[in-house]
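One structure below.
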Amino acid sequence: MNEKLPFLVIGHRGCVAGEPENTLRGILKALELGCKMVEVDVYFVDGELVVHHDEKVDRTSNGKGRLDSHTFQRLRELDFGMGERIPTLGEVLELCLGKAEVNIELKGPRSAAPVVSLLLQRQKRDEVILSSFEWSQLREVRELGDWTVAVLVRHAWQFAEALELVEKLSAQWVNLSLGILTPASVLMAHGRGVRVACYTVKSLDDLKKVIASGADACFADDPEMVLRFLCDT
């Protein structure tokens, strides 16, 4: 479906609207809707790469406390919504690769090397993007090989430095928050030869702003709403 659309629609944490975030159930829903890329967040905890967004499990599960205070076994015992257990990155790759690309956001310390190690085992270099707000992790990724990299930018004052980092890392993407996305910022990024993705579309007004900016992709909480609007336009 995405091939005929003006830009790539990325399922944010799978399909947050109506499904538990960062779960296999939510990711499967995004794939069924036609997303050609899904985004997940990854921490390295107790020797395992687990898919989760927050530093704590309180918001997303029936557990309490910091994610890294639990053993992997204990995390797997928690309910992360609708009976879903916390997935590993390996499980996400198994579900997605061959059907859609995976945007892996590196979260927490020391996640870059284990993620790269797993990807090397699976030989799926061309089907993943490695992104992070922690630019030191992106530098580490680049030291570990020729991976597709996205520089995440939250604040307008970071944008100029982010474009410099894009060139140093030979990054392929710069991902901008909706609050700082403008046609001018997209043009500047395109002038550096990189594509622009925007996070996070939550409404049709957000979507229209992304369309007007000329961005190449958007992260969507509700991919169904976004895809329906784009297909009907």
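Observations on the structure shown:
- Hits in the range 1-24 (condition: at pLDDT 95 or above and either of a type in the set (A, V, I, L, M) or more than 14 Å from PRO223 (Cβ to Cβ) (or both)): LEU8, VAL9, ILE10, VAL16, ALA17, PRO20, ASN22, THR23, LEU24
- Residue within the range 51-61 that is part of a strand (DSSP E or B) and more than 22 Å from LYS124 (Cβ to Cβ) present: yes
- Residues of the range 3-24 satisfying the condition of being assigned to a loop (DSSP other than H, G, I, E, B) and either charged (D, E, K, R) or in contact with a helix residue (DSSP H, G or I) (Cβ under 8 Å, 6 or more places away or on another chain) (or both): LEU5, PRO6, PHE7, ARG13, GLY14, CYS15, VAL16, ALA17, GLY18, GLU19, PRO20, GLU21
- Close pairs (9 angstrom Cβ cut-off, 6 or more residues apart or separate chains): closer than 17 Å to ALA156 by Cβ and hydroxyl-bearing (Ser, Thr, Tyr) in the range 178-201, at pLDDT below 95 and surrounded by 15 or more Cβ atoms within 10 Å (Cβ to Cβ) anywhere: none
- Residue satisfying all of: in the range 25-37; in a loop (DSSP other than H, G, I, E, B) and open to solvent by 10 Å² or more (accessible area, probe 1.4 Å); farthest from ASP222 (Cα to Cα) among these: LYS36
- Checking every residue in the range 103-123 against the condition of being assigned to a loop (DSSP other than H, G, I, E, B), under 17 Å from ALA189 (Cα atoms) and not acidic (Asp, Glu) gives zero matches.
- Subset of the range 144-162 [open to solvent by 50 Å² or more (accessible area, probe 1.4 Å) and under 19 Å from VAL174 (Cα atoms)]: ASP146, ARG154, HIS155, ALA156, TRP157, ALA160, GLU161
- Condition broken by GLN172, with the remaining ones in (1) of a type outside the set (Ser, Thr, Tyr); (2) in contact (Cβ under 8 Å) with a residue 40 or more places away in the chain; (3) touching a helix residue (DSSP H, G or I) at 6+ places or on another chain (Cβ under 8 Å); (4) on the phi < 0 side of the Ramachandran plot satisfied: (3)
- Residue within the range 74-95 that is open to solvent by 10 Å² or more (accessible area, probe 1.4 Å), modelled with pLDDT of 95 or more, within 15 Å of VAL128 (Cα to Cα) and in a strand (DSSP E or B) present: no
- Complete set of residues in the range 40-73 that are open to solvent by less than 50 Å² (accessible area, probe 1.4 Å), touching a helix residue (DSSP H, G or I) at 6+ places or on another chain (Cβ under 9 Å) and under 23 Å from SER132 (Cα atoms): VAL40, VAL42, TYR43, VAL45, LEU49, VAL50, VAL51, HIS52, ASP54, VAL57, LEU67
- Residues satisfying the stated conditions in the range 98-115, i.e. buried (at least 16 other Cβ atoms within 10 Å of the Cβ) and under 14 Å from ALA30 (Cβ atoms): ALA100, GLU101, VAL102, ASN103
- Scanning the range 128-164 for residues that are out of contact with any Leu (no Cβ under 6 Å at 6 or more places or on another chain), over 23 Å from MET188 (Cβ atoms) and part of a helix (DSSP H, G or I) gives SER136, GLU140, GLU143.
- Subset of the range 165-181 (residues that are under 20 Å from LEU144 (Cα atoms) and surrounded by fewer than 20 Cβ atoms within 10 Å (Cβ to Cβ)): LEU165, GLU167, LYS168, LEU169, SER170, GLN172
- Number of positions in the range 212-230 that are more than 25 Å from GLU21 (Cα to Cα) and open to solvent by less than 70 Å² (accessible area, probe 1.4 Å): 2
- Those residues of the range 124-136 which are surrounded by fewer than 23 Cβ atoms within 10 Å (Cβ to Cβ) and either farther than 19 Å from LYS36 by Cα or touching a residue at least 40 places away in the same chain (Cβ under 8 Å) (or both), in sequence order: ILE129, PHE133, GLU134, TRP135, SER136
The values are calculated or read from the model by the stated rules, or taken from the named source; none is laboratory data. Since we're looking at a predicted model, the values are computed, not measured. Cβ sites come from the backbone with ideal geometry, for glycine too, and all protein chains shown count toward neighbours. For accessibility, only protein heavy atoms count, side chains too; no ligands or nucleic acids. Shrake-Rupley method; radii C 1.70, N 1.55, O 1.52, S 1.80 Å.
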